[in-house]
Each structure stands twice: as C-alpha cells, then as structure tokens.
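A quick write-up on the structure given underneath.
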Amino acid sequence: MRWQGAEIRFWDPYINKAEKIGFVLALENTFEPGPETLVPIFDRIKSIHFKWNLDVGHMNALAQNNSLAEWIDALHPYLGYMHVHNNHGEEDNHNPVIDGTVDFEQLFERLDKWQVTPIVATEIYGQGLLESIDYLEKKW
C-alpha cells in the first residue's frame, strides 16, 4: 500500500536520530483493521529503536475480525509497549481491565508463548485503577 511507504519515509529521519541518541520510538495501533497493515512497516524499518505499542482497547474497539492472538502472533517481534484498558468493543472507552470484552487471558497466554514482556501503561480513566493493577499483578 502506498500509505505504508509514506509511513516508512516519515519515520526514517526520526529513527536515525533515535538510534544516535538511544531513544526508542513507538508506533501505536489506532484505526488499522488488522496487524497485516503494520507488519510491512516494522519489517522494513527493522530497528531496535522502533517498537510497536499495542493498545488493547483500540484493538478491541476498532480492529475488524482479528483476535488479540492474531495481533500478537503477527507483531510480537516488535512489541515493546502496551496500553492496557478495556471496553465493550464499540467505543474506545478507557474502562478498568475487568469492565469490558478484552480477552486478557488470551493476551497473557500469547505474551507467555512468545516470551514478550512489554512495558505496560494503564489508560484507565476514573474508578477502577487500583483493581486493574491488582488484576494485572496476579496475571503477570
């Protein structure tokens, strides 16, 4: 796709700078329908200073016909960060992890399978942050 080439050209000067100064840049899934749209970008850039930021809420609400397992299976070599929150698959709500339809069991199974330990940031607005941290601590 043409936009993937444009995306690669966009990141190129930033990747060069990040490599020189030791920064890590992250591309977050947002409105992509599936992981196959991001794989060519990461395959072409191939830098340890360019990582995938899995936003599980975006994947749950905005991706089409792809499971969390498919996303992680396709992009695990690039996974460096993860935004954790939940929703009911209709809007990108930032609910506590126990309030929604994200399959966190599948998430942790896949992370274990690929032996990936991304840096985790919660994106939970309002109540439920402490409960979410407790839940994640037990699962991790």
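Derivation of every value follows stated rules applied to the coordinates shown; laboratory data play no part. Given the structure is predicted, the values throughout are model-derived calculations rather than measurements. Backbone-built Cβ (ideal geometry, glycine too); neighbour counts: all protein chains shown.
Things to note:
- Exposure rule at most 12 other beta-carbon atoms within 10 Å, DSSP loop GluC sites (Glu not before Pro): the chain longest free segment: 1-89
- Integer Hz, Karplus 6.51/-1.76/1.60 couplings in order for segment 53-65, x for Gly and Pro: 9, 6, 9, 5, x, 4, 4, 5, 8, 10, 6, 10, 6
- Cα-only Debye scattering, segment 2-139: base-10 log of I(q)/I(0) at q = 0.15 Å⁻¹: -0.74
- Separation of alpha-carbon centers, segment 9-48 and segment 70-140, rounded to whole Å: 21 Å
- If the convex hull is drawn through the Cα atoms of segment 33-103, its volume per residue in Å³: 77 Å³
- Beta bridge orientation in segment 2-139: antiparallel %, DSSP, nearest 5: 10 percent
- Based on C-alpha pairs under 8 angstrom that are at least 6 apart in sequence, segment 2-139 has a relative contact order of 20 percent.
- Between the Cα long axis of helix 104-114 and the first principal axis of the chain there is an angle of about 40°, rounded to the nearest 10.
- Full extension of the chain between Lys138 and Val120 yields a length gain of 5.0 nm, computed as 0.36 nm times the residue separation minus the alpha carbon distance.
- Of Asp92, Asp73, the sequence from fewest to most neighbouring Cβ atoms within 10 angstrom is Asp73, Asp92.
- Once backbone amide H atoms are built at 1.01 Å from N, Asn86 has Asn95 as its partners under 5 Å, excluding neighbours fewer than 5 places away on the same chain.
- The chain: angle of helix 2-21 to the longest principal axis, Cα-based, in degrees nearest 10: 90 degrees
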